[in-house]
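The values are calculated or read from the model by the stated rules, or taken from the named source; none is laboratory data. Bear in mind that the values here come from a model prediction, so they are computed numbers and not experimental data. Every residue, glycine as well, gets a Cβ built from its backbone with ideal geometry; the counts of neighbours run over all protein chains shown.
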Amino acid sequence: MPAPPVPTPSQAAGRFEALDGWRGVCACLVVLFHFHGYSPIQTSALVRNSYLFVDFFFVLSGFVIAWNYATRLGSWSEVRRFLVLRLGRVYPLHVFMLFLFLAWETAKLVNGMGQATPPSTFEGTNQPGAVVSNLFLVQSLHVHDSLTWNGPAWSISTEVWTYVIFALVSVTFGLRLWLLALAAIAPPVALLYLSSTGMDVTFDWGLLRCVFGFALGVACYHIHKARPLRMAAAGPAAATAAEFAVVAAVVAFVSAVDKSAWSLLAPFVFAVAVLVFASEDGAVSGVFRTAPLKWLGKLSYSIYLTHFFFVLLFPVVVKRLVQQDLWTPMPVGGGQYVLAFGRNDVEGTLFYAAVMAITLAFSAFTYRWIETPGRDWSRRWAGRPAPRPSPIGAVGAGGSQLPSP
């Protein structure tokens, strides 16, 4: 009989460092997706469709949550502890960013008083009533006609309610395979009829999208636990080749599908990536486990939830500094143009770099002063003392999140 596969040190400690590195890279791609600079980055098919990497977050979240809680939700007290810990992980930064957006909108209102044409404030996506729905994390349950305030936070809303569904199903029925199959099949079938933009649903049918990816992640946990995809026995070259193939397949798929019905297959593609890289057998996994990518993985939730503020603020600040509007029609082929920030490729690319650098710096701050205290507070409230700081890139009950986007 062949010997069972020996887990890597990170796996033995309950961490998946390569997947954490994946998450950091995906969070940065979402930043590039939201900022529109006059640059070749703007016309890249991969960046243009990077909205799909939110589905990677959903799949990874289901995988890691199941890894930590699949056998620990057998009573209502355990459900309560689980939900307290998850809220402590995602809610403090969500509220902090919501109030930061509110502060900026209020500053615009005050600054515009007395002007002949004051700027529009507290309208449209920033309507006052949406503050309440964002505070209660229901803004993505089809209660609005658009994204509101901190737009990317729609996925945090869906993720929290998916946690509730996961906990209730676990304590009531257990994670039965037929339930996972239903959760992985019914949502994409429904979205095929409900959505005219493929997987690009957010404030309306985002919960279906999240449940779909999360269920596939839980299924990945069962597959990995029963029979890990260990390629090391075939040699490091074969393992590395398989990882390269998966990365190439993800890039090709995301670049090609745009917002067609084929995009509904994204969670399946990301599930394969999770299964392959959970084993950490090849050289590509080694790259994702390097210190810079593990650092990005550690900051990924902050990157995801803070970047939109700077995407919106950066053009306003630059305009004030240079006293010139730098939004420029950019050719995208076929005689079509889009408005992009910057006047040429070099300037627009530098703006991309600036927004990314500001986001990373601010994310380091929010991770240290918002995420970590909130997580530790929830652990104390749940009756469990806060552990000593874990290594960068740790994926555990308190750090297994988007960025979940």
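A few points about this structure:
- Residue selection: Asp258 fails the criterion of being buried (at least 19 other Cβ atoms within 10 Å of the Cβ) and either more than 16 Å from the chain's Cα centre (by Cα) or not polar (S, T, N, Q) (or both).
- Residue tally, condition farther than 11 Å from His94 by Cβ and not in a helix (DSSP H, G or I), over the range 137-168: 10
- Identity of the residue in the range 83-129, modelled with pLDDT under 95 and among the hydroxyl-bearing types (Ser, Thr, Tyr), that ends up surrounded by the fewest Cβ atoms within 10 Å (Cβ to Cβ): Thr117
- Listed by first and then second residue, the pairs linking a residue in the range 150-161 that is farther than 13 Å from Ser61 by Cβ to a residue that is of a type in the set (Ser, Thr, Tyr), with Cβ atoms under 8 Å apart and 6 or more places separating them unless they lie on different chains, are Gly151/Thr125; Gly151/Thr202; Pro152/Tyr304; Trp154/Ser140; Trp154/Thr202; Ser157/Ser140.
- Residue in the range 270-288 that is in contact with an Asp or Glu (Cβ under 8 Å, 6 or more places away or on another chain), closer than 30 Å to Asp145 by Cβ and crowded, with 20+ Cβ neighbours inside 10 Å present: yes
- Test: residue in the range 165-182 that is in contact with a Ser or Thr (Cβ under 8 Å, 6 or more places away or on another chain) and of a type outside the set (A, V, I, L, M): no
- The helices (runs of 4 or more DSSP H) found entirely in the range 38-103 that carry 2 or more residues being under 24 Å from Thr172 (Cβ atoms) and in contact with a Cys (Cβ under 7 Å, 6 or more places away or on another chain) are 53-69.
- Here the condition is being within 24 Å of Val31 (Cα to Cα) and touching a Cys at 6+ places or on another chain (Cβ under 8 Å); of Ser155, Ser146, Ser140, it holds for Ser155 alone.
- Only one of Tyr38, Tyr51 that is in contact with a strand residue (DSSP E or B) (Cβ under 6 Å, 6 or more places away or on another chain) and of a type outside the set (Lys, Arg): Tyr38
- Tally of residues being farther than 18 Å from Leu264 by Cα, out of contact with any Ser or Thr (no Cβ under 6 Å at 6 or more places or on another chain) and not aliphatic (A, V, I, L, M) across the range 27-64: 10
- Selection of first residues in the range 371-382 that are more than 13 Å from Phe96 (Cβ to Cβ) and part of a helix (DSSP H, G or I) and of second residues that are of a type outside the set (Gly, Ala, Ser) and at pLDDT 90 or above, restricted to Cβ pairs under 6 Å at least 6 apart or on distinct chains, gives the following pairs, ordered by first then second residue: Arg375/Arg89; Ser378/Val84; Ser378/Leu85; Trp381/Val84.
- Residue check, Val160 out of contact with any strand residue (DSSP E or B) (no Cβ under 7 Å at 6 or more places or on another chain) and loosely packed, with under 15 Cβ neighbours inside 10 Å: no
- The set of residues in the range 232-258 being more than 18 Å from Cys26 (Cα to Cα) and touching a Gly at 6+ places or on another chain (Cβ under 7 Å) consists of Pro236, Ala239, Thr240, Ala242.
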